[in-house]
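Here's the structure, in structure tokens; my notes come after.
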Amino acid sequence: MSFGELIAVQKEKTKMPLQDPKKRANNFNEVALGYSKEDAINEAKRCLQCSNPVCKEGCPVRVDIPEFIDLIAEGDFAAAAKKVKEKNSLPAVCGRVCPQEEQCEAECIVGNKNQPVAIGRLERFVADYIREQEEVEKVAQEKGQVAVIGSGPAGLTAAADLAKLGYQVTIFEAFHKAGGVLTYGIPEFRLPKSIVQDEVEKIEELGVEIRYNQVIGKIKSLDELFVKGYQAVFVSTGAGLPRFLGIEGENLNGVYSANEFLTRVNLMKAYQFPKYKTPVYTGKKVAVVGAGNVAMDAARTALRLGAEKSIIVYRRSREEMPAREEEIEHAQAEGVKFNLLNNPTKILGDDDGFVTGMECIKMELGEPDQSGRRRPIPIEDSEWTLDVDQVIMAIGQSPNPILINDTPEIETKDWGTIKVDEETGMTTKEGVFAGGDIVTGAATVIEAMGAGKKVAQAIDQYLQKKNN
């Protein structure tokens, strides 16, 4: 057997069981089905238990990876889950949506000659295993009050860590459910709402209070929070303001941002159709512009809502696509088509203002740009028209300016992100910290969580110094 064949066999052994791709595009059930106990133990035994575990350095929240994997190999799943939760307050979430192949698994020594140990899938396994039996240890909240604005991954992580440090934490959430992008952005087939809700409830059991329908910057200002007794504020409102191309036709009926499209589906429970008859317009031929994870989510969701064709339109090639390889493979298996090296120039509509097509121009790749990817260059006289009746723009997001506009003391950078001290996360307003996508722009769930952990420690140090 050749080395390549050995790799293929090992990859087959370590991959997650999946729904049948012929069936899964017709429902919103979770695609990846998870490990059995036997699968988990066998995979855990592949870990070399390195004396210098560099995999930990690849984890933004610094989970003790070899330790929890060793406990799985011994069959002590409860202890393994407890070890993970010492550093990660959302393990069932991260085990599903964290890009481990770019972080911890990218550092795995086993991966030098074989498939890396499936760290994320093992994390998901122990988190799911312990779900119903876990008991939360609450710490006496005697250190003071901290407000967290936004209940996405950064906010939930900071709130949990601060509660464990002894602070009375209140999260102010604009929507009527917690989770931010976890609840409203990521589709049900990738991250079930029940998983997010369970993780949120565990954080509430620590003593964290969540107040819903609270748009800070409208119903309350940051200054009012300090007047009410909060000693520090963590702003973690994410990046929910969609970007568009600025081309003609983007105001036509049938043009969505991916953010709006996915939020409508999640907020109004379109994933439970026909139980909930959600008013989300979905065309028969849908074009999704972009090639990140959000674009894959939108394209796969469109199929599940009845689209006959769902097409990714991307100005670069397959090699430059920023989505996770796993998500690209799932999209292809489910029937999403890829129209690469093409860029939209105009969206066409009928007399009633509805989308009838999208003009594109073919591209070729030149030298790498600042992102390290080869720059797309239009090919002269290569315009053509794609026959679609819906267009979804998935080309990135910026921070919502509501809170910032209400607090001029907080300085911002390009794209409206908040300027912070790199070591502490402190903004230019005393006692106000920020982290996650509101600082970095749209990034991954685990990177936002890493920011939340870092800021929680900084807030603790700030308040201890201030109060002593």
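Brief remarks on what is shown
- Checking each residue in the stretch 334-357 for being in a loop (DSSP other than H, G, I, E, B), out of contact with any helix residue (DSSP H, G or I) (no Cβ under 9 Å at 6 or more places or on another chain) and either modelled with pLDDT under 95 or surrounded by fewer than 18 Cβ atoms within 10 Å (Cβ to Cβ) (or both) picks out D350, D351, D352, G353.
- For the stretch 306-322, a residue qualifies if it is outside any helix (DSSP H, G or I) and touching a strand residue (DSSP E or B) at 6+ places or on another chain (Cβ under 9 Å), and the qualifying residues are A307, E308, K309, S310, I311, I312, V313, Y314, R315, R316, S317, M321.
- Of the candidates E329, E319, E308, the single residue that is closer than 23 Å to P376 by Cα, open to solvent by 50 Å² or more (accessible area, probe 1.4 Å) and either in contact (Cβ under 8 Å) with a residue 60 or more places away in the chain or not basic (K, R) (or both) is E319.
- Selected residue (only one of G238, G246, G229 is in a loop (DSSP other than H, G, I, E, B), without any contact (Cβ under 8 Å) to a residue 24 or more places away in the chain and small (G, A, S)): G246
- Residue count, the stretch 309-353 (criterion: more than 16 Å from P21 (Cα to Cα) and among the aliphatic types (A, V, I, L, M)): 9
- Residue tally, condition at negative phi and open to solvent by less than 40 Å² (accessible area, probe 1.4 Å), over the stretch 165-209: 28
- The residue of the stretch 54-82 that is nearest to V97 (Cα to Cα), among those that are open to solvent by 30 Å² or more (accessible area, probe 1.4 Å) and assigned to a loop (DSSP other than H, G, I, E, B), is P60.
- The residues of the stretch 263-286 that are open to solvent by 60 Å² or more (accessible area, probe 1.4 Å), closer than 23 Å to L252 by Cβ and modelled with pLDDT under 85, listed by number, are M268, P279.
- Selected residue (only one of E188, E142, E201 is within 30 Å of N27 (Cβ to Cβ) and part of a loop (DSSP other than H, G, I, E, B)): E188
- Residues (in contact with a Leu (Cβ under 9 Å, 6 or more places away or on another chain) and either acidic (D, E) or assigned to a loop (DSSP other than H, G, I, E, B) (or both)) located in the stretch 432-468: D460
The values are calculated or read from the model by the stated rules, or taken from the named source; none is laboratory data. Just so we're clear, the structure is a prediction, and the values are computed from it rather than from any experiment. We place every Cβ from the backbone using ideal geometry, glycine too, and count neighbours over all the protein chains shown. The protein model used for the area step is the full one, side chains on, heavy atoms only, and it has no ligands, DNA or RNA in it. Shrake-Rupley method; radii C 1.70, N 1.55, O 1.52, S 1.80 Å.
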